[in-house]
Amino acid sequence: MDALEAIRTRRSIRRYTGDPIPRADLETIVDAGRLAASGYNAQPWEFVVVTDRALIEKIALHDWIAQAGAMIAVVLATESYFWREDGSAAVQNMLVAATALGYGSCWLQGRTERHIPAIKKHLNIPADKHLMTLIPLGVPAEAPEKEKKSLAEVLHWETYQDKTG
Ligand SMILES: Cc1cc2nc3c(=O)[nH]c(=O)nc-3n(C[C@H](O)[C@H](O)[C@H](O)COP(=O)(O)O)c2cc1C
């Protein structure tokens, strides 16, 4: 699958078959994150890949995550100026790479804050590092559709046009 097809077909997947993911594929996915653009080329990220089923279940914030083949914890050094943007670029690269390899994934960040200290403890993440996002990965067991804004709604040529009228 080429990059554009992966970008077009990626959807957040929240049901997995429970099948494991080969280590080589997980490395390819993290490598895509590592190669993302970053402000000042700071690359303020590290990635913890969890494949141990018991550990996945410990850090699963929702029941459906327990069926993931792996979880990637995205860890940022927040002293880096653009850490949020850099982390987001790395996450998106990994979601697209996962799609290209045939895996489902989901950016998991909403309402996770209160669970972060416990998850950091389970994963041995140092106190001065920020656990930004958890990405469950798995063989998809669903193919959801998602309403997207049309290109015409969001694209402006040359100058901004009011499209609400
Ligand atoms: C910053 C961010 C946080 C998100 N947090 C969650 C989350 O906590 N739980 C979840 O199920 N999906 C989460 N998502 C996934 C979105 O719900 C999803 O991307 C959106 O509904 C669009 O669907 P799509 O990814 O299939 O295109 C998050 C996405 C982003 C970009």
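The values are calculated or read from the model by the stated rules, or taken from the named source; none is laboratory data. Keep in mind the model is a prediction, meaning the values are calculated, not measured. Glycine gets a Cβ as well: all are built from the backbone with ideal geometry, and neighbour counts include every protein chain shown. Ligands, DNA and RNA are excluded from the accessible area calculation, which covers all protein heavy atoms including side chains. Shrake-Rupley method; radii C 1.70, N 1.55, O 1.52, S 1.80 Å.
Remarks
- Normalised per residue, the volume of the convex hull around the Cα set of the stretch 3-142 (Å³): 101
- The listed peptides 16-29, 132-145, ordered by packing as a protection proxy, come out as 132-145, 16-29 (highest mean of other Cβ atoms within 10 Å first).
- Exposure of Trp107 as accessible area (Å², to 10), given a probe of 1.4 Å and all protein chains: 90
- For Ala141, the residues 5 or more places off, or on other chains, whose built amide H falls under 5 Å of its own are Arg15, Tyr16, Thr17.
- Against the main long axis of the alpha-carbon atoms of the chain, helix 23-34 sits at an angle near 50°.
- 0 to 90° range, to nearest 10: angle between helix 83-100 axis and the chain longest Cα axis: 90
- Surface composition of the chain: carbon plus sulfur atoms contribute 51% of the solvent-accessible area (1.4 Å probe, protein chains only, all chains present).
- Mean Cβ count within 10 Å, highest first, over the residues of peptides 31-44, 117-130, 86-99, 61-74: 86-99, 61-74, 31-44, 117-130
- For the stretch 1-142, size of Cβ-based charge dipole, Lys and Arg +1, Asp and Glu -1, in debye: 400
- Entry comment: accessible area of the stretch 3-142 is 53 Å² per residue, from protein heavy atoms only and a probe of 1.4 Å.
- Phi to ³J(HN,Hα) by Karplus 6.51 cos²θ - 1.76 cosθ + 1.60 over the stretch 136-148, Hz, x for Gly, Pro: x, 10, x, 6, x, 10, 7, 9, x, 8, 9, 5, 10
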